[in-house]
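What follows is a short report on a single structure.
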Amino acid sequence: MTPELGQLALVLALLLALAQSIVPLLGAWRGNRAMVAVARPAAAGQAAFVLVAFALLVWAFLRFDFSVAYVADNSNLALPWYYRIAAVWGAHEGSMLLWVFILNVWTLAVAALSRNLPEVFVARVLAVLGLIAVGFLAFILFTSNPFARLLPMPLDGGDLNPVLQDPGMTFHPPVIYMGYVGFSVAFAFSIAALLGGELEQAWVRWARSWTNVAWAFLTAGIVAGSWWAYAELGWGGWWFWDPVENASFMPWLVGTALIHAQAVTEKRGSLRAWTILLSIFAFSLSLLGTFLVRSGVLTSVHAFASDPRRGLFILCFLLVVVGGSLLLYALRAPKVAGGKAFAPVSRESAILVGNLMFTVAAAMVLLGTLFPLIGDAFNLGRISVGPPYFGFLFTLLMVPVVLLLPFGPFLRWGRGEGGVLRAIALRAGIGAVACALVAAVFVHGQLKAIAGVAAAVWCAVGTLLYVYKRFREMPRGRRYPAEMGGMLLAHFGLGVFLVGVLLSESLSVTRDVRMAPGDVQTVGAYAFRFDGVKQTSGPNWRGSQGTVSVIRNGETLAVMHPQKRTYTREQVQTESAIDPGFTRDLYVALGDPMDASNPAGAWAMRLYYKPFIRWLWAGGLFMMLGGFLAAADRRFRVRRKSESSEAAALPLATARESRA
Amino acid sequence: MSRLLPFVAFLALCGLFGFGIWWNSHHDQTAIPSPLIDKPAPAFALPELDAPERTVTKASLLGKPYLLNVFASWCIECGVEHPLLQAEAPTLGVTLVGYNYKDQPADAKAWLARHGNPYEVLMADLSGKTAIDFGVYAAPESFLIDAQGVIRYKHIGPFTPEVIEKELKPAIAALSEKSS
């Protein structure tokens with residue numbers, strides 16, 4: 001009975017979402033306060049029913065209700081309870097439900113925290129969020145129902161995809177969806193501003209903290225995904241330019257541009273149309289990411305089941321949402337360049353250059369991801385571009401960003417001073433060159449590593465110089481407002497990230513070896529001794545577990561246990577063993593036995609030495625913290641209150657006039 | 001006008017996606033075009049299964065089109081395909097050549113004795129080395145080779161009645177058109 005209740009809850013949520021989107025929009029248009037007031041209660045009602053549906057699906061998993069097809073496909077009696085909860089979003093239908101659930105979390109947050117904004121504006125924002133919910137709820141109900149029954153009910157179910165049975169993977173999808181879906185708020189703010197025709201700067205300030213939080217979540221999700229790929233896939237890589245990874249990276253790139261553009265628009269009033277366009281792009285790319293992963297337009301290593309009917313639905317949905325908003329942009333975007341003018345040497349210009357680089361990079365990633373499709377369309381055969389294309393072009397596009405980064409905070413709005421910039425360039429440059437020279441001694445002339453050290457020091461010193469300047473010039477308590485602290489943290493994080501990427505890329509040592517028990521292989525300064533393989537088992541898998549001792553200078557540093565697991569449905573999954581460290585990771589992956597009938601004999605193994613690889617995720621975490629910190633700036637809240645009086649006084653008629 | 005640019009670019013993108021959905025629902029996504037199609041078959045010299053002292057070579061099969069069917073007694077799918085081949089072989093109008101792949105001769109003979117033998121020529125590739133030249137992934141796999149020794153069609157996996165009607169027979173018909 002409960003699955004039917006879940007479905008009913010989704011139907012009711014869809015009806016309330018329709019009410020949430022249509023009634024307030026009409027009300028805002030006709031100047032009807034009662035209709036405008038529908039937005040909040042409708043949003044709350046929709047959220048309640050989506051929560052019920054989500055809870056019922058969790059419940060079905062927890063009590064092994066294999067009469068639900070989705071539960072039977074993705075769990076079995078041996079699956080531990082925590083993975084049964086993770087299995088809710090382990091495949092297509094459930095992850096769509098998670099999407100809507102998170103959209104409702106954001107919608108509720110907007111409804112609850114926007115008491116001080118003009119009522120009509122909030123109604124429009126909630127209506128746009130409601131429209132998105134209508135699309136996704138209809139998608140779930142018509143093409144991907146997670147509550148579909150399976151008769152006769154099987155005695156035991158299938159299995160959760162074993163690559164997803166990992167603690168990191170349990171949190172990765174919800175976090176990345178918080179980021180994806182979070183951009184819907186910035187999007188809704190932009191659309192509401194376009195609809196209302198009130199293109200003053202105020203709405204940008206209201207949107208800023210939302211965008212920063214979404215961006216921080218997306219950063220965290222990408223870091224978690226990259227860490228998971230590294231730990232779980234057994235190849236020691238951390239980024240593969242896979243379509244699904246690209247799908248999360250494109251909104252991140254545009255989102256990065258957006259949070260900077262919003263700062264310009266809020267403080268100076270310029271780049272208004274560009275900010276609106278970027279917020280449309282960021283959310284469109286999030287939708288596109290969902291589309292690419294779900295529709296079977298592109299095939300990917302971790303694409304879920306694909307179905308052309310779903311693809312067609314999402315395509316139509318994209319046409320309405322993205323096409324509609326771009327058309328609205330074309331019709332209503334501010335015609336004249338507003339705001340204060342700025343000189344070629346100014347903070348605005350620096351941010352604009354960075355913006356262009358990020359946007360072009362996103363376009364480049366999109367093009368590369370769609371290449372196989374373009375090949376089919378123009379009959380060029382099966383072509384796809386790989387890491388060399390992405391790696392080369394992306395590095396090229398990010399060089400200006402890295403070069404400009406230290407100057408950003410020092411540059412003044414409107415017009416910067418050349419003298420200060422030269423001093424900064426000189427100091428950061430000397431630091432970078434000096435460190436690069438020292439590094440050159442240690443890295444045996446590896447150019448990439450030297451460049452990495454130089455770039456990282458350039459960013460870090462540039463950022464720290466500004467920290468020092470504020471420390472010296474400002475009185476206590478006013479030195480580092482949250483917004484600025486967040487910016488400095490994130491910029492510093494880029495330096496840390498660069499160390500991780502370039503040093504680990506250039507100095508890693510990989511060995512593919514055959515090892516019999518007792519064999520010793522040396523990788524760099526470390527000796528790996530293979531102590532044999534024994535059989536082991538877990539709640540829903542059995543496997544072989546190797547023992548590898550790492551010895552340096554006669555001292556055992558670590559005993560590592562790489563595994564090769566076979567899950568209930570005979571899926572094989574490697575579990576690499578990693579010995580983490582501040583300056584290096586040691587990484588062992590178990591291959592196959594050389595002789596299948598003799599697992600006690602020699603095995604194929606992969607041994608890795610990965611210097612500084614942890615730094616790249618640390619850098620990402622710095623950026624994430626920066627995003628959250630900046631969003632917490634009191635300025636975004638305090639000003640809101642002071643504005644609420646005049647905002648409330650805004651007559652509803654303005655909406656009507658702007659329509660004329 | 002420039003404000004319309006993002007909208008127009010997006011419509012073009014949607015056109016591409018629409019095409020992608022159409023294309024993927026009409027084409028097998030796992031199909032890998034064989035680089036061997038319309039190329040001369042690799043030269044080979046393999047012993048006959050029933051008389052290992054005699055050798056079948058590419059040259060000895062020239063002059064008449066033939067369907068080279070890669071099979072093995074250990075291959076379950078081959079057993080699925082086998083009755084169909086036996087039923088269809090006489091009506092195809094080409095010689096059916098059996099290519100026994102990585103199989104012990106005794107096993108292969110026992111398997112053919114049990115399931116029947118539709119092959120006019122039967123050769124054995126115990127080591128699987130020649131199969132590498134043909135780019136064989138796994139049994140069963142079939143190659144249609146014309147009278148000049150050029151590969152005209154390839155099918156990976158077992159034949160089904162549908163594949164025979166829609167792909168193999170048209171490919172054979174195209175052969176006779178070319179030669180006439």
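The values are calculated or read from the model by the stated rules, or taken from the named source; none is laboratory data. As the structure is a prediction and not an experimental result, all values here were calculated from the model. Every residue, glycine as well, gets a Cβ built from its backbone with ideal geometry; the counts of neighbours run over all protein chains shown.
Considering (1) under 15 Å from the mean Cα position of the chain (by Cα); (2) closer than 16 Å to B:Ala41 by Cα; (3) at pLDDT below 90; (4) not small (Gly, Ala, Ser), the lone condition that B:Phe143 does not fulfil carries the number (3).
Consider B:Ser127 carefully, then state whether it is polar (S, T, N, Q), free of Cβ contacts under 8 Å to residues at least 12 places away in the same chain and more than 30 Å from A:Asn379 (Cβ to Cβ).
no
Checking each residue of segment A:235-243 against the condition of being among the hydrophobic types (A, V, I, L, M, F, W, C) and assigned to a helix (DSSP H, G or I) gives no match. Meeting the requirement of 3 or more residues that are over 21 Å from B:Ser60 (Cα atoms), the helices (runs of 4 or more DSSP H) wholly within segment B:72-167 are B:76-92, B:105-115.
Every residue, every condition in (1) touching a residue at least 24 places away in the same chain (Cβ under 8 Å); (2) outside any helix (DSSP H, G or I); (3) within 25 Å of the chain's Cα centre (by Cα), yes or no:
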residue	(1), (2), (3)
A:Val125	yes, no, yes
A:Leu131	yes, no, yes
A:Phe147	yes, yes, no
A:Pro152	no, yes, no
A:Gly158	yes, yes, no
A:Met169	yes, no, yes
A:Val175	yes, no, yes
A:Phe187	yes, no, yes
A:Thr211	yes, no, yes
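On inspection, A:Phe291 qualifies as within 27 Å of A:Leu331 (Cβ to Cβ), in a helix (DSSP H, G or I), modelled with pLDDT under 85 and hydrophobic (A, V, I, L, M, F, W, C). Across segment A:308-324, the qualifying residues are those that are more than 15 Å from A:Leu141 (Cα to Cα) and more than 9 Å from chain B (Cβ to nearest Cβ), and the one among them that is modelled with the lowest pLDDT is A:Cys316. Considering (1) buried (at least 17 other Cβ atoms within 10 Å of the Cβ); (2) in contact with a Gly (Cβ under 6 Å, 6 or more places away or on another chain); (3) of a type outside the set (Phe, Trp, Tyr); (4) modelled with pLDDT under 90, the lone condition that A:Val509 does not fulfil carries the number (1).
A search for C-beta distances below 7 Å between a residue of segment B:162-175 that is within 16 Å of B:Glu81 (Cα to Cα) and any residue that is among the charged types (D, E, K, R) and part of a helix (DSSP H, G or I), counting only pairs 6+ apart in sequence or on different chains, returns B:Ile164/B:Glu88.
Return a yes/no flag: does segment A:341-358 have any residue that is on the phi < 0 side of the Ramachandran plot, at pLDDT below 90 and within 11 Å of chain B (Cβ to nearest Cβ). No, segment A:341-358 contains no residue that is on the phi < 0 side of the Ramachandran plot, at pLDDT below 90 and within 11 Å of chain B (Cβ to nearest Cβ).
Is it the case that A:Val399 is surrounded by 17 or more Cβ atoms within 10 Å (Cβ to Cβ), out of contact with any strand residue (DSSP E or B) (no Cβ under 8 Å at 6 or more places or on another chain) and assigned to a helix (DSSP H, G or I)?
Values: surrounded by 17 or more Cβ atoms within 10 Å (Cβ to Cβ): no; out of contact with any strand residue (DSSP E or B) (no Cβ under 8 Å at 6 or more places or on another chain): yes; assigned to a helix (DSSP H, G or I): yes.
Considered against the rule, which asks whether it is surrounded by 17 or more Cβ atoms within 10 Å (Cβ to Cβ), out of contact with any strand residue (DSSP E or B) (no Cβ under 8 Å at 6 or more places or on another chain) and assigned to a helix (DSSP H, G or I), A:Val399 comes out as no.
Here A:Thr574 fulfils each of the conditions (1) among the hydroxyl-bearing types (Ser, Thr, Tyr); (2) within 30 Å of A:Gly158 (Cβ to Cβ); (3) touching a Phe, Trp or Tyr at 6+ places or on another chain (Cβ under 7 Å) apart from (3).
So which residues in segment A:553-584 are out of contact with any strand residue (DSSP E or B) (no Cβ under 8 Å at 6 or more places or on another chain) and under 28 Å from A:Val496 (Cβ atoms)?
Taking segment A:553-584 and keeping what is out of contact with any strand residue (DSSP E or B) (no Cβ under 8 Å at 6 or more places or on another chain), we get A:553-555, A:569-571, A:580-582.
Result: A:Pro580, A:Gly581, A:Phe582.
Exactly one residue among A:Arg415, A:Arg479, A:Arg470 is at negative phi and part of a helix (DSSP H, G or I), and that residue is A:Arg470. Out of all the residues in segment A:15-24, is one or more surrounded by fewer than 22 Cβ atoms within 10 Å (Cβ to Cβ) and not aliphatic (A, V, I, L, M)? Scanning segment A:15-24 turns up no residue that is surrounded by fewer than 22 Cβ atoms within 10 Å (Cβ to Cβ) and not aliphatic (A, V, I, L, M). Can A:Glu232 be described as among the acidic types (Asp, Glu), out of contact with any Pro (no Cβ under 6 Å at 6 or more places or on another chain), free of Cβ contacts under 8 Å to residues at least 40 places away in the same chain and more than 30 Å from A:Phe342 (Cα to Cα)? Answer is no for this residue.
Annotation: A:Ile85 fulfils all but one of (1) part of a helix (DSSP H, G or I); (2) touching a Pro at 6+ places or on another chain (Cβ under 9 Å); (3) among the aliphatic types (A, V, I, L, M); the unmet one is (2). Considered as a group, the residues in segment A:325-340 that are surrounded by 16 or more Cβ atoms within 10 Å (Cβ to Cβ) and more than 11 Å from chain B (Cβ to nearest Cβ) include one that is modelled with the lowest pLDDT, and that residue is A:Gly338. Here A:His491 meets the list (1) within 30 Å of A:Ala631 (Cα to Cα); (2) outside the structural domain of A:Ala456 (by TED's automatic domain parsing) almost entirely, failing just condition (2).
The helices (runs of 4 or more DSSP H) falling completely within segment A:576-660 that include 1 or more residues that are under 30 Å from A:Trp210 (Cβ atoms) and at pLDDT below 90 map to A:634-649, A:653-659.
Within segment A:90-111, is even one residue outside any helix (DSSP H, G or I), more than 26 Å from the chain's Cα centre (by Cα) and not polar (S, T, N, Q)? Explain how you work it out, then say what you get.
If we filter segment A:90-111 for residues that are outside any helix (DSSP H, G or I), which is where we start, we get A:90-91.
This time we only want the ones that are more than 26 Å from the chain's Cα centre (by Cα), so: none.
No: zero hits.
If you check A:Val345, A:Val365, A:Val321, A:Val360 for being part of a helix (DSSP H, G or I) and farther than 21 Å from A:Phe392 by Cα, only one passes: A:Val321.
Would you say A:Val71 is modelled with pLDDT of 90 or more, part of a helix (DSSP H, G or I), over 18 Å from A:Ala133 (Cα atoms) and β-branched (Val, Ile, Thr)? Yes: the conditions hold for A:Val71.
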